[in-house]
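Working notes, beginning with the structure itself.
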Amino acid sequence: MVSIKVLTLEGKKKGTVDLPPVFETPLRKDVIKRAVLAQQSARYQRQGVDPMAGKRTTAESWGVGHGRARVPRRKGSGYRSASHGAFAPSTVGGRRTHPPEAAKNPVERINKKERRLAIRSAIAATAKGELISARGHVFDAKAFPLVTVDEVQEIQSTEEAKEVLENLGVWSDVIRVKNGIKFRGGAARRRGRKYRKPVGPLIVITEDKGIRKAARNLPGVKVLYVSKLNAEALAPGTQPGRLTLWTKSAINALANDLYGSGQ
C-alpha cells in the first residue's frame, strides 16, 4: 500500500497516511462526463408554451378564387387588412412553428454503478499531477494527493486560510482564479450570470469547525464534506484532475467508511 506524507499548516511533513484503494481506480473520462452531465441536467428548469397558444382564433382560409394566399385569416379583419393572418405557422400573426414543449424531460439518467465509478475515478485523478496541470491549475506542490492535518478544519479567518494555502503551495491557483474572472454582457448579464469565474482548489473535510466560513470569500475555493463528494465537484466541466486538498480524516473516511474496498 502506498503511503503519502501529511503536511502541517506550515507546509512541513508530519507523518504519513496510507492511500485507500479508491486512488487506484483507472481513469474513465467517458463515465465522468456522463455523470457530470446527468448531475447538471437535474438542475434544468423545464420550459414550454401553452399547447393552445395561437390556436384560439376565428381564423379560416378563404379558399381559392380570391387572388390571395390560402392562409387562415381572422374573421372580420377586412379584405385589405395587412396583418390579419392567424393560426398557421410562418405567417404574419400566426403561431410559432416548433415552440418548446413543457412535456419534454431534459434530465439525463445514469446508472448507480456508473455514477459511483465516476466518483471513484475522479477521486483517483486528484492524485495525478499531470491531469491537475492539464486542467490549468497553478501550484507549487511537488507530490499528490495533497493531504494536511485536521487542524485545517479549525481555521477561523480568511487571512489565516490564505496563509495556510500559501504554505501548502496552492495560493497561486487562487490568484489565477481572481485574475481570470471575466465580465459577460448581453443576455448573460440580464439573466444574473454576468461573471465567468474559473474553478479553484477544493478542500475536502469531515467536520466544519470554521473552515467553510473562513474560505467562502476566497475566489474559486470550495469546501466540501467527504460524504458529499460528487462528480461535478471533483471534475468541473467534465474535466477530471481538480486541485484538491484532503484532510487526514477525509482520507481515513475514504478508506474505512466510503470506498474502503475500492467499490
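Looking at VAL31, VAL49, VAL22, just one residue is surrounded by 11 or more Cβ atoms within 10 Å (Cβ to Cβ), under 30 Å from LEU165 (Cα atoms) and not acidic (Asp, Glu), and that residue is VAL22. Is there a residue being over 22 Å from the mean Cα position of the chain (by Cα) and within 25 Å of LEU37 (Cα to Cα) anywhere in region 224-240? No - not one qualifying residue is present in region 224-240. A residue that is in contact with a Pro (Cβ under 8 Å, 6 or more places away or on another chain), closer than 30 Å to ASP257 by Cβ, modelled with pLDDT of 95 or more and β-branched (Val, Ile, Thr) occurs nowhere in region 142-164. On inspection, ILE181 fails the criterion of being within 22 Å of ALA253 (Cβ to Cβ) and aliphatic (A, V, I, L, M). Against the definition (in contact with an Asp or Glu (Cβ under 8 Å, 6 or more places away or on another chain) and not aromatic (Phe, Trp, Tyr)), how does ASN167 come out, yes or no? Answer is yes for this residue. Kindly check whether there is at least one residue in region 198-216 that is under 22 Å from the mean Cα position of the chain (by Cα) and among the acidic types (Asp, Glu). Within region 198-216, not a single residue is under 22 Å from the mean Cα position of the chain (by Cα) and among the acidic types (Asp, Glu).
Condition check: at pLDDT 95 or above and under 19 Å from THR247 (Cα atoms). Does ALA215 satisfy that?
Details: at pLDDT 95 or above: yes; under 19 Å from THR247 (Cα atoms): yes.
So ALA215 fits the description; yes.
Taken over region 95-134, the criterion of being surrounded by fewer than 15 Cβ atoms within 10 Å (Cβ to Cβ) and within 17 Å of the chain's Cα centre (by Cα) is satisfied by PRO106, VAL107, GLU108, ARG109.
Could you tell me which residue of region 164-177 is surrounded by the most Cβ atoms within 10 Å (Cβ to Cβ), considering only residues that are over 17 Å from LYS13 (Cα atoms) and in contact (Cβ under 8 Å) with a residue 40 or more places away in the chain?
Filtering region 164-177 for residues that are over 17 Å from LYS13 (Cα atoms) and in contact (Cβ under 8 Å) with a residue 40 or more places away in the chain, the one surrounded by the most Cβ atoms within 10 Å (Cβ to Cβ) comes out as ASP173.
One residue stands out in region 180-198 among those that are in contact (Cβ under 8 Å) with a residue 12 or more places away in the chain and hydrophobic (A, V, I, L, M, F, W, C): the one that is surrounded by the fewest Cβ atoms within 10 Å (Cβ to Cβ), namely PHE183.
In this structure, LYS55 qualifies as on the phi < 0 side of the Ramachandran plot, at pLDDT 90 or above and either exposed (fewer than 14 other Cβ atoms within 10 Å of the Cβ) or among the aromatic types (Phe, Trp, Tyr) (or both). Evaluate the following for ILE123: is it in contact with a Leu (Cβ under 6 Å, 6 or more places away or on another chain), closer than 30 Å to ASP173 by Cβ and outside any loop (DSSP other than H, G, I, E, B)? For ILE123, the condition - in contact with a Leu (Cβ under 6 Å, 6 or more places away or on another chain), closer than 30 Å to ASP173 by Cβ and outside any loop (DSSP other than H, G, I, E, B) - is not met.
Each residue in region 146-174 was checked for being of a type outside the set (Gly, Ala, Ser), in a loop (DSSP other than H, G, I, E, B) and more than 24 Å from the chain's Cα centre (by Cα), and 3 pass.
Mind checking whether some residue in region 31-51 is closer than 18 Å to GLU232 by Cα, out of contact with any strand residue (DSSP E or B) (no Cβ under 7 Å at 6 or more places or on another chain), of a type in the set (Lys, Arg) and free of Cβ contacts under 8 Å to residues at least 12 places away in the same chain? Within region 31-51 (the criterion being closer than 18 Å to GLU232 by Cα, out of contact with any strand residue (DSSP E or B) (no Cβ under 7 Å at 6 or more places or on another chain), of a type in the set (Lys, Arg) and free of Cβ contacts under 8 Å to residues at least 12 places away in the same chain), the answer is yes, since at least one residue qualifies.
The values are calculated or read from the model by the stated rules, or taken from the named source; none is laboratory data. No experiment lies behind these values; they were computed from the predicted model shown. When we count neighbours, we look across all protein chains shown, and the Cβ atoms used for this are built from the backbone with ideal geometry, even at glycine.
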